[in-house]
Amino acid sequence: MTEIRLTAWARGRVQGVGFRWWTRARALELGLAGWARNTPDGRVEVVAEGTKESCAMLLDLLRSGDAPGRVDGVVERWSEAKGGLSGFVER
């Protein structure tokens, strides 16, 4: 099965509210590898690799309103998987 990379940037009140931990838990449930990290401008960057279906499910979850804090919007970019990722970590 072809692996794909999802890079998503969530904006809103997403830092200091458990958003990265919640994202990690959802990604691991979906069998994805990657990371979630705070960016200096207040967003959270999420990089996930796995199947297109699992990455799309994670993106839907990020936009669902169920995440901690408040997500005002999510911008995504799709690309080929680069590989070399193991597990899903908070950076």
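Read the figures in this text as sums done on the coordinates, not as results from a lab. These numbers come from a predicted model, not from an experiment. Counting neighbours? That spans all protein chains shown, and the Cβs are built from the backbone with ideal geometry, glycine included.
Take Arg91 and Arg77, extend 7 Å from each Cα along the Cα→Cβ direction, and tell me the distance between the two endpoints in nm.
So the two model labels end up 1.3 nm from each other.
How far, in degrees from 0 to 90, does helix 52-62 lean away from the longest principal axis of the Cα atoms of the chain, to the nearest 10?
That helix lies at roughly 10 degrees to the long axis.
Give the whole-number value, in cubic angstrom per residue, of the convex hull volume spanned by the C-alpha atoms of the chain. Each step should come with its number before you reach the end.
Details: hull volume 7.6 nm³, N = 91.
Cα convex hull per residue, to the nearest whole number: 83 Å³.
Excluding Lys82 itself, calculate the net charge of residues whose Cβ lies under 14 Å from the Cβ of Lys82, where each Lys or Arg counts +1 and each Asp or Glu counts -1. Display every interim value, and only then the final one.
Details: positive: Arg5, Arg77; negative: Glu3, Glu49, Glu80.
In short, -1.
For the chain, what is the relative contact order in percent, using Cα pairs closer than 8 Å and at least 6 residues apart in sequence?
47 percent.
Can you tell me the mean projection area, over all orientations, of the convex hull of segment 1-45's alpha carbons? Units nm², please.
3.3 nm²
From the helices alone, meaning DSSP H stretches of at least four residues, give me the mean residue ellipticity at 222 nm for the chain, per-run term -39500 (n - 2.57), in deg cm²/dmol to the nearest 500. Working shown, then result.
Details: 2 runs with 22 residues, N = 91.
For the chain, the value works out to -7500 deg cm²/dmol.
For Lys52 and Gln15, compute 0.36 nm times the residue count separating them, minus their Cα-Cα distance, and round to one decimal in nm.
Working it through step by step, the gained length comes to 10.7 nm.
How far is it, in nm, from the label point at Asp66 to the one at Thr7 when both lie 7 Å from their Cα along the line to the Cβ?
2.7 nm
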